[in-house]
Amino acid sequence: MVNSFKLRFNSLDSTFIFAVVFTLLLSVGVTWLMISYLFSEIIQGILYPYSIYPIIVSSTADILMIPGCIVLWLGSFIGVFDILLKLFKKPIYEKIKMKLGLAVGVMLVVSIVTLIANYVTWQIAARANGYTQCASGSKLLVGSKTSSVWSKEEYLCYDYNVDRLLPTGIHEQVLEVAEYLNRD
């Protein structure tokens, strides 16, 4: 029995084990980043249309961070259970791997549905609260493929100082723009 376990352990691909360990560490790092910084950005971004800020930013990619993090964890667990299956040859590990694979598929569908629902509802809410999207010729966030700027006043879309204060569109920059405009 011990020799059989040693043979199975020795037959494991070290590159695969390294990849699983790396993915687990990456999952921990991404989760820490999400909790410490990105989660509040995502929530704030969802709530922007209901705010009183003169300039708000819509970022379609941010909403995918949560399901993406879940898919990363599920993929890590699939790797762990694959290693356990090769080591212990228990059918329960194969069943768990199959269910985790199904969960990855479900999360990918949830990601697409979430992205579409957020995109549509965010724009409806922003328009209902008096925001209009800055035209493509505006100065703000030029070159951004996943973010767009919305404003209550069209002239702000072409304001040099607003452009200077809003280089990437994170929440702190939105607050700086609001503070700058309230001073004038």
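The values are calculated or read from the model by the stated rules, or taken from the named source; none is laboratory data. Small disclaimer: the values here were computed from a predicted structure and weren't measured. Backbone-built Cβ (ideal geometry, glycine too); neighbour counts: all protein chains shown. These accessible areas exclude ligands, DNA and RNA; they are computed on the full protein's heavy atoms, side chains included. Shrake-Rupley method; radii C 1.70, N 1.55, O 1.52, S 1.80 Å.
Leaving ligands, DNA and RNA out of it, report the carbon-plus-sulfur percent of the accessible area of the chain at a 1.4 Å probe.
Details: 7730 of 11330 Å².
Reported share for carbon and sulfur atoms: 68 percent.
Counting only pairs 8 or more places apart or on different chains, how many lysine pairs in the chain have C-alpha atoms closer than 22 Å?
Total qualifying Lys-Lys pairs in the chain comes to 10.
Sort out the exposed loop trypsin sites (Lys or Arg not before Pro) in the chain (DSSP loop, at most 13 other Cβ within 10 Å) and tell me the longest stretch that has none.
Numbers: sites that count: 89, 145.
Result, exposed sites excluded: 1-88.
Grab every C-alpha pair in region 22-165, bin the distances at 5 angstrom width from 0 up to the longest one, and report whole percents.
2, 9, 15, 15, 15, 12, 9, 8, 6, 4, 3, 2, 1, 0
Solvent-accessible area per residue for region 31-184 at a 1.4 Å probe radius, Å²? Don't skip to the end; give the middle numbers.
Details: 8970 Å² over 154 residues.
About 58 Å² of surface per residue is accessible.
Can you give me the pair-distance distribution of region 32-90, C-alpha pairs, 10 Å bins, whole percents?
19, 33, 21, 15, 8, 4, 0
I need the helices of the chain that pass two filters: whole DSSP H segments spanning 27 Å or more by Cα along the axis, and mean Kyte-Doolittle score no lower than 0.0. Intermediate results must be reported in sequence, preceding the final value.
Numbers: long enough: 14-33 (28 Å, 2.08); 65-88 (34 Å, 1.93); 91-128 (54 Å, 1.08).
Sorted by number, the helices that extend far enough and score high enough are 14-33, 65-88, 91-128.
With a sphere of radius 13 Å drawn around the Cβ of residue 164, what net charge do the other residues whose Cβ falls strictly inside it have (Lys, Arg +1; Asp, Glu -1)? Don't skip to the end; give the middle numbers.
Details: positive: 139; negative: 159, 163, 176.
Residues close to residue 164 contribute a combined charge of -2.
Out of region 112-184, which GluC sites (Glu not before Pro) are coil in DSSP terms and have no more than 16 other C-beta atoms within 10 Å? Mind showing how you got there, number by number?
Values: sites: 153, 154, 172, 176, 179; in loops: 153.
Those that pass, being in a loop and sparsely packed, are 153.
When the convex hull of the Cα atoms of region 1-103 is projected onto a plane and the area is averaged over all directions, what value comes out in nm²? Present the calculation step by step, with values, prior to reporting the outcome.
Working: hull surface 34.1 nm².
Over every viewing direction, the Cα hull of region 1-103 projects on average to 8.5 nm².
Determine how large the accessible area of residue 106 is when every protein chain is in place; take a 1.4 Å probe and give Å² rounded to the nearest 10.
The accessible area of residue 106 comes to roughly 80 Å².
Using a Gaussian network model of the chain whose springs link C-alpha atoms within less than 10 Å, name the residue from 169, 137, 75 with the highest mean-square fluctuation.
Fluctuation is largest for 137.
Could you give the spread of the C-alpha atoms of region 78-145 along their three principal axes, from largest to smallest, in whole angstroms?
61, 25, 12
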